[in-house]
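Engineer: Below is one structure. I have some questions about it.
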Amino acid sequence: MSVTPRIGELRNDVSELARSSPTSGDLMQRLCRLLHERMLKYNWVGFYMIEPESQPPMLSLGAFVGAMTPHTRIPLNQGICGAAASSGQTVVVDDVSKDPRYLACSLETKSEIVVPVFAHGKVVGELDIDSHFPAAFGPEDQQLVQHCAALVGKKLEASEP
Ligand code: SME
């Protein structure tokens, strides 16, 4: 089976998960599990959410699957995570050893994608995925991860109109 249909299938399963999850918290946990299980190169999958009260703004680790990370809170001006949250743009790093922004989570990590989660037009968090393989996140992976982040944003909006 090629990679393309697997991603297409997973996209449908992810949409179904969004329909069947009662809360945004459930959805985030289930998404981490699904992506980690089904995408063999997604070795760490987790959400960071912006702490509403913190000044300066901070990202705080939420649902995740994979080894515990030393980075449970990340300022918005640090890391690849901070770059994605502060710019509101997806960040893909094919070789983390060449990116000076990178905050190491595991020595095995080779590449990373971080996709912001928007609710009511504002960045409220992000979906972060690390891979033990270099350049693991191609255009289809980006679309899949962006789809997941968008579904979480919609779920958050529905729970906090
Ligand atoms: N690598 C991230 C830190 C989070 S861990 O990967 C889980 C960064 O550079 O912001």
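Engineer: With respect to A85, is the statement that it is in contact (Cβ under 8 Å) with a residue 24 or more places away in the chain, of a type in the set (G, A, S) and assigned to a loop (DSSP other than H, G, I, E, B) true?
Structural biologist: No.
Engineer: Taking interchain pairs and intrachain pairs at least six residues apart, which have beta carbon atoms under 8 angstrom, with the first residue in segment 93-105 and near the ligand (Cβ under 10 Å from one of its atoms) and the second open to solvent by less than 80 Å² (accessible area, probe 1.4 Å) and of a type in the set (S, T, N, Q)?
Structural biologist: Listed by first residue and then by second, the contacts come to V93/S111; V96/T109; V96/S111; C105/T69.
Engineer: From the list L10, L40, L35, which one is open to solvent by less than 30 Å² (accessible area, probe 1.4 Å) and farther than 21 Å from V91 by Cβ?
Structural biologist: Step by step, each of L10, L40, L35 is checked, and only L10 is open to solvent by less than 30 Å² (accessible area, probe 1.4 Å) and farther than 21 Å from V91 by Cβ.
Engineer: Among the candidates A135, A150, which residue alone is under 21 Å from G82 (Cα atoms) and outside any helix (DSSP H, G or I)?
Structural biologist: Testing whether each residue is under 21 Å from G82 (Cα atoms) and outside any helix (DSSP H, G or I) leaves just A135.
Engineer: Is it true that R101 is surrounded by fewer than 18 Cβ atoms within 10 Å (Cβ to Cβ) and out of contact with any Ser or Thr (no Cβ under 9 Å at 6 or more places or on another chain)? Working first, answer last.
Structural biologist: Working: surrounded by fewer than 18 Cβ atoms within 10 Å (Cβ to Cβ): yes; out of contact with any Ser or Thr (no Cβ under 9 Å at 6 or more places or on another chain): yes.
So R101 fits the description; yes.
Engineer: Filtering segment 60-80 down to residues that are among the small types (G, A, S) and within 10 Å of the ligand (Cβ to nearest atom), which residue is nearest to E126 (Cα to Cα)? Even if it seems obvious, please write down each step before you answer.
Structural biologist: Taking segment 60-80 first, the residues among the small types (G, A, S) are 60, 62-63, 66-67, 79.
The next check asks that each one be within 10 Å of the ligand (Cβ to nearest atom); those that pass are 66-67, 79.
On the way: G66: 16, A67: 18, G79: 13 Å.
Filtering segment 60-80 for residues that are among the small types (G, A, S) and within 10 Å of the ligand (Cβ to nearest atom), the one nearest to E126 (Cα to Cα) comes out as G79.
The values are calculated or read from the model by the stated rules, or taken from the named source; none is laboratory data. Keep in mind the model is a prediction, meaning the values are calculated, not measured. Counting neighbours? That spans all protein chains shown, and the Cβs are built from the backbone with ideal geometry, glycine included. SASA here: full protein model, heavy atoms, side chains in, ligands and nucleic acids out. Shrake-Rupley method; radii C 1.70, N 1.55, O 1.52, S 1.80 Å.
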